[in-house]
1. Quick one: in segment 39-74, of everything that is in a loop (DSSP other than H, G, I, E, B), within 23 Å of residue 109 (Cβ to Cβ) and among the aliphatic types (A, V, I, L, M), which residue is modelled with the highest pLDDT?
2. Read through the list (1) at pLDDT 95 or above; (2) open to solvent by less than 60 Å² (accessible area, probe 1.4 Å), then give the number of the only condition that residue 115 fails.
3. Any idea which residue in segment 73-88 is farthest from the chain's Cα centre (by Cα), counting only those that are within 12 Å of residue 19 (Cβ to Cβ) and open to solvent by less than 20 Å² (accessible area, probe 1.4 Å)?
4. Could you check, for segment 38-52, whether at least one of its residues is among the hydrophobic types (A, V, I, L, M, F, W, C) and more than 28 Å from residue 210 (Cα to Cα)?
5. Taking segment 232-278 as the search range and keeping residues that are farther than 30 Å from residue 51 by Cα and without any contact (Cβ under 8 Å) to a residue 24 or more places away in the chain, which one is surrounded by the fewest Cβ atoms within 10 Å (Cβ to Cβ)?
6. Can you tell me which residue within segment 23-72, out of those that are in contact with a strand residue (DSSP E or B) (Cβ under 9 Å, 6 or more places away or on another chain), under 12 Å from residue 218 (Cβ atoms) and of a type in the set (D, E, K, R), is most open to solvent (accessible area, probe 1.4 Å)?
7. Which of the numbered conditions does residue 155 fail, given that it passes all the others? Conditions: (1) part of a loop (DSSP other than H, G, I, E, B); (2) of a type in the set (Ser, Thr, Tyr); (3) in contact with a Ser or Thr (Cβ under 8 Å, 6 or more places away or on another chain).
8. Is it the case that residue 175 is of a type in the set (S, T, N, Q) and at pLDDT 95 or above?
Amino acid sequence: MAFLFYFHSMNSICLNGKIVRGNEPVLMVNNRSYRYGDGLFETMKVVQKEIALESYHFRRFFSSLELMGFKIPAILTAEKFREQVLALCKKNKCEALARVRWSVFRGNGGIFESLDDFQYSIECWPLDESTNRLNENGLAIDIFPDARKSCDKFSNIKSANSLPYIMAARYAKENKLNESLVLNVHERIADSTIANIFLVKDGNLSTPLLSEGCVNGVMRRYLMEKINVKETEISERDLQDADEVFLTNAISGIRWVKSFRNKGYSNLQIKKIYQAFIQTISA
């Protein structure tokens, strides 16, 4: 019998539409996501029983599934997934404020097997109220030196194959940093381990182009619809010359970066952006 791969312990999870205990064995060791990273995921924030920026998440997730060649059963609509997400949050008593991870994988088998199997899991955890506030203590960041992210059509999705980000996170922890930036193959900044990056210079905002290999972040897209942001190539020199720097993702909204190596940043513009567009986000 094949060994079983376990999810980490938690109250409950949703596996293919069925709620089961989080400490039960649920994946075979030949699961293709576990073996090869053949899967993708979406991280969402639930606020007062609703998914924040829901339409952005579903639009990205379903387009990513199509790009990876997943065949979604007709019954699994956005409405169905929403029901399952909120039911799990209710089961785990975190409907008021929760982090949700929704993962999809292609079942079990070898790398050359052509599988149309569609499987998924949903996990959720309660969030601290601090995620609803702009961080008062700015982040210290640096560039991860040991990996380069490709710039292809798969670079913008949240793939289960996250090795550069995993190693960048380890680098940050080992060097007492709050975050690491990941470079692309052109030696320019793509994004960070769990966020997109924005620079403020002379009142103007900029962020890496999607063609630079960054993840197509939900909060990134939301902000770009609200304020004028230039998508461009961003180098280490641009980072050194910036007046302010911040990171964005769906859970924390905006996080202020205080320093990059010996360079310090203010947060005057960041506070205005946060107050105008982030703290007012309703689910």
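The values are calculated or read from the model by the stated rules, or taken from the named source; none is laboratory data. Remember, it's a predicted structure, so these values are computed and weren't measured experimentally. Note that each Cβ is placed from the backbone with ideal geometry, even for glycine, and that neighbours are counted across all protein chains shown. The protein model used for the area step is the full one, side chains on, heavy atoms only, and it has no ligands, DNA or RNA in it. Shrake-Rupley method; radii C 1.70, N 1.55, O 1.52, S 1.80 Å.
1. Among residues in segment 39-74 that are in a loop (DSSP other than H, G, I, E, B), within 23 Å of residue 109 (Cβ to Cβ) and among the aliphatic types (A, V, I, L, M), the one modelled with the highest pLDDT is 68.
2. Result: residue 115 passes all but (1).
3. Filtering segment 73-88 for residues that are within 12 Å of residue 19 (Cβ to Cβ) and open to solvent by less than 20 Å² (accessible area, probe 1.4 Å), the one farthest from the chain's Cα centre (by Cα) comes out as 88.
4. The answer is yes, given that some residue of segment 38-52 is among the hydrophobic types (A, V, I, L, M, F, W, C) and more than 28 Å from residue 210 (Cα to Cα).
5. Among residues in segment 232-278 that are farther than 30 Å from residue 51 by Cα and without any contact (Cβ under 8 Å) to a residue 24 or more places away in the chain, the one surrounded by the fewest Cβ atoms within 10 Å (Cβ to Cβ) is 262.
6. Among those residues, the one meeting the criterion is 54.
7. Tallying (1) part of a loop (DSSP other than H, G, I, E, B); (2) of a type in the set (Ser, Thr, Tyr); (3) in contact with a Ser or Thr (Cβ under 8 Å, 6 or more places away or on another chain), residue 155 fails exactly one: (3).
8. Considered against the rule, which asks whether it is of a type in the set (S, T, N, Q) and at pLDDT 95 or above, residue 175 comes out as yes.
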